[in-house]
Every structure is written in structure tokens, then in C-alpha cells.
Amino acid sequence: MELMTTSSYRYEENLQTKIGSLQLENPTILASGVLGVTAGGLMRAWQGGAGAVVTKSVGIKAQPGHPGPRIVGVRGGGLLNAMGLPNPGVKKYLPEIKAAVKEGACVIGSVIGNRSAQYRKVATQLAGTGIKALELNVSCPHVGTFYAQGLKPSHVSAVVKAVSKAIGEEIPVWVKMPGTTDYPRLVKAALAAEAAGAAAIVAINTLPALALDVEAQRPSLGRGIGGLSGPAIKPIAVRAVWELYRSELRIPIIGVGGILDGTDVIEFLLAGARAVEIGTGVLLEGSTIFRQICLQHVQYKQRHGIETLEPLVGGLKKNKD
């Protein structure tokens, strides 16, 4: 299928999807923390065919992150990381976002903080860069109390309300939920985010996990506990999306976890997602993974005789009905 090159790859076939008021050219999104440290990295993913790119998670002040080793491979193609959310602080990071926006990328800003006031301050500064949405990271499993707070409806609600009030309605707010198999708690926290004004739910973040160096008889990561990503967590992530979709949640869902090809994305769509974020897959397959997935989707549509990807969203529930 021919590609038309502008600021990113645009497809002749209709692969568009809508996340609330935001329309994407295709349902693939660069996940936060992968290639998002610099404008150059964001543009690599954008030019590789991503429908949008999420920045590195940034806070008010610079953070050095955890001591190394920070990332190790696990059998089956997954990764375990304990980065510790290293970032230069929002003021120093703003030029990177502005540069990517200037080049035409659809940029989503990722925000971290310990309290709702910190999220608000960072979000307010990011809002002036030209970003198309804000993703609130309330779920990192290896930094302080982030993970536990992300499953507390009261905390999630307070963060969303603070940010939404500060930036207004023009920039939609997404909430990235924790990786968990406690689906009832996940749904409750997501519903709290929706009630507070969130425009979309991103599910899921990495899962808390541990790998050991048997020769040294100690954790493989410098920090010990890390976040597991990659193919090993995909079934958990797909179920999380499915549980959210069949709940009372009415805002769009963006699926994350273990996506390596177009078939993986179709699974998330059938479970109820309208788009997906890809992180480990980019590290394993390169930045052109987005383009390859989109071409696979064109072929899938042709095989199944459908005009758009829309009929697939929540197809599992439709088929069950």
C-alpha cells in the first residue's frame, strides 16, 4: 500500500480512530519512556508511522532515577525495568516538546507528581507547548507510592480534577492506570477518573516484578523490584481493557502491553480499545514497527471486508451478544 509522506506517514486506507475529540491518523501511539527523551526520538517514532507520540514523563524538578542496572531482559522477549522516572524537569524539557510539535508531530505530554498540586503545575506548563493531550502517569510500579495511589479512586479523582481545572477543556486528559490483575479495583479507579473529567483511560502500565541474578544471589536490577513489560503481560493487559470496556466506563480506552505486531493490536481493539501504545515493541523491533502494523491492518481489513477499524472496537462483546 502506497504511503504519502508529510510530517508523518499517512495512509490511503482509512485507519483513523478518535480518542474523544482527538482524531489520530492510525491507532498506534509511542508509549512514554521509549524514544521520548528528546525531540529527535519523538520524531523517529512519528516518522516511523505512529499516529501520536507520548513524551517522557516529566515532573517539576529533575530526577536522576534509580541506580543501575536499570533494565534487564527476561525470557520470552520481555523487559524488566526500574528506571526511577529520570527526567530533566519540566522547564528544561519544554524545548524538546516544542521542537517535535513544530515539526508536525501529534505530541501527548506525560506528567508525574507526588500530589495533585504537582501534576497541576507541570500540566499547566506543558499545556502551552502545542501538545494535543496530557497523559497523567499515576501508576509507575517502582517509584515511591505511585503504584498504590494509582488504584485509589480518591487520589486519581483529585489529580484529574486539579489538572482539568487548570488547563481547561481544550486539552484532553488521559490517565495511565497501573498494571494489575485486581480488575475490580482497576475499574473503580478508572470510573473515578472518568467522573473527575478524564477523556480517556490508558491501560495498563508495567506490572511489579522481580528478577534475580542467581550467581550473585541478589536482584538483577539495582533497585530490586521493577516493572515488567513485553509479550508476557499482553494477556493481562487485554483482559484489563476488556474488563474496563464491559464496565460502566464510557470514555475511550487505549490499550498497552506486549504489542509486537498487527495481530496484537487487533486483540486490543476487539477487547474494547480504540488505540494502543507501544513501548517494548519499539525497542525490540525498531521505530518502523508503527508503519508495519498499519500495513498489516490494511491487509486485515481487506481479508475481512471492512471499510474501517471501527467495527472491531469491542467486537468481543458484540460477538458474545
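Condition check ((1) out of contact with any helix residue (DSSP H, G or I) (no Cβ under 6 Å at 6 or more places or on another chain); (2) among the small types (Gly, Ala, Ser); (3) without any contact (Cβ under 8 Å) to a residue 40 or more places away in the chain) across all residues:
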residue	(1), (2), (3)
VAL34	no, no, no
VAL53	no, no, no
SER57	yes, yes, no
GLY68	yes, yes, no
VAL72	yes, no, no
ARG75	yes, no, yes
LEU79	no, no, no
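Please tell me if ALA195 is of a type in the set (A, V, I, L, M), surrounded by fewer than 23 Cβ atoms within 10 Å (Cβ to Cβ) and modelled with pLDDT of 95 or more. Yes, satisfied.
Put simply, of ARG120, ARG185 the only residue that is open to solvent by 10 Å² or more (accessible area, probe 1.4 Å), of a type in the set (D, E, K, R), within 30 Å of PRO219 (Cα to Cα) and modelled with pLDDT of 95 or more is ARG185. May I ask you to verify whether ILE266 is in a helix (DSSP H, G or I) and either within 14 Å of the chain's Cα centre (by Cα) or modelled with pLDDT of 95 or more (or both)? When the stated conditions are applied, ILE266 passes them.
Taken together, the criteria exclude LEU85 from residues that are open to solvent by 30 Å² or more (accessible area, probe 1.4 Å) and either touching a Gly at 6+ places or on another chain (Cβ under 9 Å) or in a helix (DSSP H, G or I) (or both). The selection criterion, being within 17 Å of the chain's Cα centre (by Cα) and outside any loop (DSSP other than H, G, I, E, B), does not hold for LEU191. The set of residues in the range 237-258 that are farther than 18 Å from PRO178 by Cβ and within 17 Å of the chain's Cα centre (by Cα) contains only PRO252. Checking each residue in the range 49-64 for being of a type in the set (Gly, Ala, Ser), buried (at least 17 other Cβ atoms within 10 Å of the Cβ) and either over 17 Å from the mean Cα position of the chain (by Cα) or over 30 Å from LEU295 (Cα atoms) (or both) picks out only GLY59. Here GLY227 meets each of (1) in contact with a Ser or Thr (Cβ under 8 Å, 6 or more places away or on another chain); (2) in a helix (DSSP H, G or I); (3) not polar (S, T, N, Q) with one exception, condition (2). Taking the range 271-289 as the range and being farther than 16 Å from LEU35 by Cβ and open to solvent by 20 Å² or more (accessible area, probe 1.4 Å) as the test, only ARG274 passes. Pairs meeting the criteria (first residue in the range 277-301 and farther than 21 Å from VAL313 by Cβ, second residue of a type in the set (Gly, Ala, Ser) and in a strand (DSSP E or B), beta carbons under 8 Å, at least 6 apart or on different chains) are GLY279/SER229; THR280/GLY78; THR280/SER229. Scanning the range 35-64 for residues that are closer than 17 Å to ILE259 by Cβ, among the aliphatic types (A, V, I, L, M) and outside any strand (DSSP E or B) gives LEU35, ALA45, ALA50. Only one residue in GLN292, GLN302 is out of contact with any Cys (no Cβ under 8 Å at 6 or more places or on another chain), over 21 Å from GLY48 (Cβ atoms) and open to solvent by 70 Å² or more (accessible area, probe 1.4 Å). Which one? Selected residue: GLN302, the only one of GLN292, GLN302 that is out of contact with any Cys (no Cβ under 8 Å at 6 or more places or on another chain), over 21 Å from GLY48 (Cβ atoms) and open to solvent by 70 Å² or more (accessible area, probe 1.4 Å). Taken over the range 169-210, the residue count meeting the criterion of being closer than 14 Å to SER247 by Cβ and aromatic (Phe, Trp, Tyr) is 1. Taking first residues from the range 249-269 that are without any contact (Cβ under 8 Å) to a residue 40 or more places away in the chain and partners that are of a type in the set (Phe, Trp, Tyr), the Cβ contacts under 8 Å between residues at least 6 apart in sequence or on separate chains come to ILE259/PHE268; GLY262/TYR300.
I'd like to check something: does the range 133-149 contain any residue that is more than 21 Å from THR206 (Cβ to Cβ), part of a helix (DSSP H, G or I) and not hydrophobic (A, V, I, L, M, F, W, C)? No, the range 133-149 contains no residue that is more than 21 Å from THR206 (Cβ to Cβ), part of a helix (DSSP H, G or I) and not hydrophobic (A, V, I, L, M, F, W, C). Please enumerate the residues belonging to the range 128-163 that are at pLDDT 95 or above, in contact with a helix residue (DSSP H, G or I) (Cβ under 9 Å, 6 or more places away or on another chain), under 24 Å from LEU24 (Cα atoms) and of a type in the set (Gly, Ala, Ser). Selection gives GLY130 alone.
The values are calculated or read from the model by the stated rules, or taken from the named source; none is laboratory data. A quick note: this is a predicted structure, and the numbers were derived from the prediction, not measured. No Cβ is skipped: glycine too gets one built from the backbone with ideal geometry, and neighbour counts run over all protein chains shown. Just the protein is used for accessible areas: all its heavy atoms, side chains included, with ligands, DNA and RNA removed. Shrake-Rupley method; radii C 1.70, N 1.55, O 1.52, S 1.80 Å.
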